[in-house]
Amino acid sequence: MEQTRNIQMVDLKTQYLKLKPEIDQAVLDVLESCAYINGPAVRDFQASMEAYHQVAHVIPCANGTDALQIALMALDLQPGDEVIVPAFTYVSTAEVIALLHLKPVMVDVDPETFNITPEIIEAAITEKTKAIVPVNLFGQSCDLEPIMEIAKKHGLFVVEDNAQAIGADYTFADGRTRKTGTIGHIGCTSFYPSKNLGAYGDGGAITTNDDELGQKLRMVANHGQTRRYYHGMVGVNSRLDSIQAAVLNIKLRELDNYAAARNRAADFYDEALSGVSALVTPKREPKSNHVFHQYTLKVTDGRRDDLQRYLSDRSVPSMIYYPVPLYEQDAFKGFTDVTHLPVTHELCEQVISLPMHSELDEDSLQFITDTVRSFWS
Ligand SMILES: *Cc1c(COP(=O)(O)O)cnc(C)c1O
């Protein structure tokens, strides 16, 4: 095999070089303008995001974790109120719940989609439940229509954690489609550089179609201000900076192309790996067009860690998202009574994510899949 092969989990450099002249100019324009905070670039990006998502309000903020925290702060919840959250997700989703002295009620996920389901949610609802935070994990929407119906029935808020699924569509029973992040009462996303829409630093955004919530979210994100130096509540300071907004405004135009490139890579992986008996390729729900933030396989013969070492020795990077259920994290001891969820437990032992980004070429995909297959031959 060639010595020079350099396969990466995420290739930010090649993606940048394709847009370099435009992005460099946009960044220089912000530097020249000196409008570093809430400048025109932020307003332009907000408007582009609202148009792209067909949503009434986009509130840019500093990162995806802040987006989730601000969303929960805008709901006027009381200490001890219960918020249903999957145990198989990135830490942020449950972290902000605990941080606000709410109770994260950790639930299991579906073994095929890795997402929480209406049935799982309904079984976890109690008198104290106030909100649900479905995570559209790895780029695929939860089954949001029945989740919204359950929420309505029980008077609960739904805050979508859409950090991994920006750009995905969800199809309702009547055939309408809407962007994920705009279906729950509030949607939260992240522009961490390796996310599907990545900034060149930190960034995040909150989406809502509810005018009152939109106002409240803006207020929370801006020190609880109604007008300058008048503070109606205790808020936070969370802003998307103008340089990041300028970069994102250019990259947003490419988001659908990026998703298409990720899907082409996923198709290649599916085709090349579906015949390997110890592997389960990711399930694609027809109601959701997957945007493949991650391409995540299950290794069912107990050799996941051996596979990862084997790949690593052959210059094929891979990642385990996620190795530890949230209820086993020391951080959440004292916040949850959950000690075991069978699907989450099994997924943490079985999953492995292969390189996935918009710049994967056939050569690399062939090498990656040949290497994976050779582990079992
Ligand atoms: C990345 C991510 C976040 C947090 O976003 P940051 O911008 O890193 O704060 C939250 N939830 C999920 C599911 C994520 O993948």
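We did not get these values from a lab; they are worked out from the coordinates using the rules stated. Fair warning: this is a prediction, and the values are worked out from it, not measured in the lab. Ideal geometry is used to build each Cβ from the backbone, glycine not excepted, and the neighbour counts take in all protein chains shown.
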Run through segment 85-176 and list the chymotrypsin sites (Phe, Trp or Tyr not before Pro) located in a DSSP loop whose Cβ has at most 13 other Cβ atoms within 10 Å.
F172
Taking T129, T65 and counting other beta carbon atoms within 10 angstrom, the fewest-first order is T129, T65
Using Cβ contacts closer than 10 Å as the measure, can you line up M219, M106, M9, M356 from fewest to most?
M9, M219, M356, M106
Potential extension, N263-R309 segment - 0.36 nm per residue separation minus Cα distance:
13.9 nm
Over the chain, what relative contact order in percent results from Cα pairs under 8 Å that are six or more residues apart?
22 percent
Histogram of C-alpha separations across the chain, 10 Å bin width, %:
5, 24, 32, 25, 12, 2, 0
Distance in nm between pseudo-label sites at E122 and K153 (7 Å out along the Cβ direction from Cα):
0.4 nm
What FRET efficiency would be calculated for the residue pair K333, T171, taking the C-beta separation as r and a Förster radius of 41 Å, to the nearest 0.05?
0.55
Order of V299, V42 - criterion: other Cβ atoms within 10 Å of each residue's Cβ, fewest first
V299, V42
Label model pair E50, T300: point-to-point distance (7 angstrom along the Cα→beta-carbon line) in nm is 4.8 nm
Amide H of D169: which non-local residues (sequence gap of 5 or more, or other chain) have their own amide H closer than 5 Å, using H built in the peptide plane?
T180, N289
Using a basic spin-label model with each label point 7 Å from the Cα along Cα→Cβ, how many nm lie between H231 and K283?
4.8 nm
At 4 °C in a medium of viscosity 1.567 mPa s, segment 189-251 has a Stokes-Einstein diffusion coefficient, with Rh taken as the Kirkwood radius over alpha carbon pairs, in µm² per second, of 101 µm²/s
